[in-house]
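These notes concern the structure reproduced below.
The values are calculated or read from the model by the stated rules, or taken from the named source; none is laboratory data. Keep in mind the model is a prediction, meaning the values are calculated, not measured. Ideal geometry is used to build each Cβ from the backbone, glycine not excepted, and the neighbour counts take in all protein chains shown.
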Amino acid sequence: MSEEPVKYLLSERDIPEQWVNLLVDLPGDPLPPLHPGTLEPAGPADLAPLFPMGLIEQEVSPEPFVAIPEEVLAAYRLWRPTPLYRARRFERALDTPAHIYYKYEGTSPAGSHKPNTAVPQAYENARAGVRRLATETGAGQWGSSLAFACALFGLECEVFMVGSSYDQKPYRRSMIQTWGATVHRSPSDLTQAGKANASHPTGSLGIAISEAVEVAAQAPETHYSLGSVLNHVLLHQTVIGQEALAQMAAAGEEPDVVIACVGGGSNFGGLAFPFLRRVLRDGARTRFIAAEPAACPTLTRGVYAYDFGDTVGLTPLIAMYTLGHGFVPPPVHAGGLRYHGDSPLVCALVKRGLVQARAYRQNETFDAAVQFARAEGVIPAPEPAHAIRAVIDEAEAAREAGEPRVILFGLCGHGHFDLSAYEAYLGGRLEDPEFSEADLEAALASLPKAPALT
Ligand SMILES: Cc1ncc(COP(=O)(O)O)c(C=O)c1O
């Protein structure tokens with residue numbers, strides 16, 4: 001019988017006690033968010049109506065590591081550390097000499113990486129005396145994760161769920177409600193932002209963010225919570241990469257390439273940043289690939305500019321690749337990747353050539369997901385299926401080069417609530433919407449006035 005290991009497990013004692021803050025390692029000056037009225041850097045006072053001071057401090061922290069509070073570690077122990085797998089069956093199916101590893105975040109209560117930041121966000125808000133959190137959700141993964149975290153810390157939670165996901169994933173709604181939160185279909189008629197966007201019935205993350213920000217800005221006992229994009233969110237997710245570093249060391253291998261999907265950048269940053277720090281500080285030669293949908297190709301086709309984080313224009317201006325805050329992506333099934341912008345940290349790394357971005361269409365993505373599921377068992381969420389598509393490309397390149405390259409990718413969530421998407425793919429009913437030049441021109445016409453980025 002073969003003794004080849006497929007799982008690398010850590011014990012509860014190995015859960016990282018600090019988060020990795022890559023902000024301090026980025027070459028060049030950081031590009032702060034700007035107040036849209038004054039175009040001056042947005043300071044803590046500008047963010048305080050929406051976020052507790054504990055998270056604002058993490059957002060701008062000058063420290064290379066940030067300690068994880070004991071209460072957060074206690075909650076992390078419910079599902080962390082997560083397993084790292086060597087995908088030996090997938091390697092054989094692909095007939096590649098590459099060694100393929102995946103860090104699996106689908107073992108969390110909500111089924112993805114999102115609770116890694118939902119828990120510290122709920123904790124910091126509860127500590128600050130906040131009573132209720134309002135948020136958006138694209139795939140339903142973030143909304144269910146925040147509902148779970150709010151249940152742990154005794155907070156109320158109100159979720160604006162992007163219309164297309166609300167219709168495609170009724171059981172994500174039940175999950176959110178089971179943890180005690182309220183869920184609304186976005187665009188809703190509960191907010192000005194929702195009413196103003198009634199002509200986009202499938203919704204978008206940008207519209208749902210506007211609705212949640214509006215609710216939070218109007219109620220002093222309510223704060224806003226964002227599941228991606230911001231520095232503190234990526235900071236929280238670095239537990240993934242730190243564990244993966246230890247697990248790859250246990251496997252006795254060093255990744256040549258690290259791959260993850262990018263919607264707002266949080267699972268990518270979480271897995272990649274601890275490895276990227278070694279590139280920036282120690283001259284490691286790891287490559288990084290960010291995989292995104294061709295229907296919403298922010299990193300591969302967007303412009304690098306200051307833009308709003310939401311559709312209506314309620315947030316500070318953020319320095320990022322953007323398709324324009326007015327862009328409403330087609331209702332592809334990877335709901336978590338339907339966002340017009342991306343994390344400023346990830347965008348700065350793409351801009352400097354430290355991270356390569358690739359875009360994939362829906363059918364080729366689901367083809368990769370099905371190949372993976374038939375070899376490894378796990379049915380991936382549509383979002384990480386984009387990463388798997390990129391893994392297949394890299395595994396084929398390794399075969400052509402005849403090299404046993406080591407590939408590490410983030411399997412950031414399972415697809416148990418996404419089976420209507422699989423049903424459409426298996427029934428031959430998935431479309432491959434493309435992002436056109438006309439889409440780009442129309443979207444970019446809405447960019448706000450702000451200093452140009454080079
Ligand atoms: C399973 C899953 N993966 C990826 C994403 C994209 O977000 P991020 O790029 O922040 O990881 C989402 C967002 O909802 C998601 O639910």
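Table: residues versus (1) more than 29 Å from PHE308 (Cβ to Cβ); (2) touching a Gly at 6+ places or on another chain (Cβ under 8 Å); (3) small (Gly, Ala, Ser); (4) assigned to a helix (DSSP H, G or I).
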| residue | (1), (2), (3), (4) |
| --- | --- |
| PRO384 | no, yes, no, yes |
| GLU394 | yes, no, no, yes |
| ARG399 | yes, no, no, yes |
| GLY410 | no, yes, yes, no |
| TYR422 | yes, yes, no, yes |
| PRO433 | no, no, no, no |
| ASP439 | no, no, no, yes |
| PRO448 | no, yes, no, no |
- Only one of (1) within 13 Å of SER204 (Cβ to Cβ); (2) surrounded by 24 or more Cβ atoms within 10 Å (Cβ to Cβ); (3) in contact (Cβ under 8 Å) with a residue 60 or more places away in the chain fails for GLY326. Which number is that? (2)
- Item | Evaluation of LEU354 against (1) within 16 Å of the ligand (Cβ to nearest atom); (2) at pLDDT 95 or above; (3) surrounded by fewer than 23 Cβ atoms within 10 Å (Cβ to Cβ); (4) part of a loop (DSSP other than H, G, I, E, B) (one fails), failing number | (1)
- Item | Residue that is farthest from ASN116 (Cα to Cα), among those in the stretch 405-418 that are away from the ligand (no atom under 14 Å from the Cβ) and among the aliphatic types (A, V, I, L, M) | VAL406
- Item | Among residues of the stretch 235-278, those that are of a type in the set (Val, Ile, Thr), crowded, with 24+ Cβ neighbours inside 10 Å and away from the ligand (no atom under 11 Å from the Cβ), counted | 4
- Looking at the stretch 180-205, which of its residues are of a type in the set (Ser, Thr, Tyr), surrounded by fewer than 22 Cβ atoms within 10 Å (Cβ to Cβ) and part of a loop (DSSP other than H, G, I, E, B)? SER188, SER199, THR202
- Query: For the stretch 112-132, does any single residue satisfy the condition of being in a strand (DSSP E or B), surrounded by fewer than 22 Cβ atoms within 10 Å (Cβ to Cβ) and modelled with pLDDT of 95 or more?
  - Reply: yes
- Query: Can you pull out the residues in the stretch 429-454 that are in contact with a helix residue (DSSP H, G or I) (Cβ under 9 Å, 6 or more places away or on another chain) and under 30 Å from HIS113 (Cα atoms)?
  - Reply: ARG429, LEU430, GLU431, ASP432, PRO433, PHE435
- Task: Looking only at the stretch 19-70, count how many residues are modelled with pLDDT under 95 and among the acidic types (Asp, Glu).
- Result: 3
- Message: Let me spell it out: the conditions are (1) charged (D, E, K, R); (2) touching an Asp or Glu at 6+ places or on another chain (Cβ under 8 Å); (3) not in a helix (DSSP H, G or I), and ARG389 meets all of them except one. Which number is the exception?
- Response: (3)
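To keep it simple, each residue is scored yes or no on (1) part of a helix (DSSP H, G or I); (2) closer than 22 Å to GLU383 by Cα; (3) at pLDDT 90 or above.
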{"residue": "THR300", "(1), (2), (3)": "yes, yes, yes"}
{"residue": "TYR306", "(1), (2), (3)": "no, no, yes"}
{"residue": "MET320", "(1), (2), (3)": "no, yes, yes"}
{"residue": "VAL346", "(1), (2), (3)": "yes, yes, yes"}
{"residue": "LEU349", "(1), (2), (3)": "yes, yes, yes"}
- Filter the stretch 295-351 for residues that are touching a Phe, Trp or Tyr at 6+ places or on another chain (Cβ under 7 Å) and of a type in the set (Ser, Thr, Tyr); the one that is farthest from PRO32 (Cα to Cα) is THR298
- Message: Need the failing condition index for LEU245 against (1) part of a helix (DSSP H, G or I); (2) in contact with a Leu (Cβ under 6 Å, 6 or more places away or on another chain), just the number.
- Response: (2)
- Residue satisfying condition, being out of contact with any His (no Cβ under 6 Å at 6 or more places or on another chain), more than 16 Å from the ligand (Cβ to nearest atom) and within 16 Å of GLU211 (Cβ to Cβ), within set ALA122, ALA134: ALA134
- Note on the structure: Residues in the stretch 76-117 that are hydrophobic (A, V, I, L, M, F, W, C), under 17 Å from ILE15 (Cα atoms) and within 16 Å of the ligand (Cβ to nearest atom) total 1
- Query: Name the pairs: first residue in the stretch 381-404 and under 13 Å from ASP367 (Cα atoms) and more than 16 Å from the ligand (Cβ to nearest atom), second residue part of a helix (DSSP H, G or I) and not hydroxyl-bearing (Ser, Thr, Tyr), Cβ to Cβ under 7 Å, at least 6 apart or on different chains?
  - Reply: ILE392/LEU94; ILE392/ALA368
- If you go through the stretch 357-380 one residue at a time, how many are part of a loop (DSSP other than H, G, I, E, B) and either modelled with pLDDT under 95 or within 15 Å of the ligand (Cβ to nearest atom) (or both)? 2
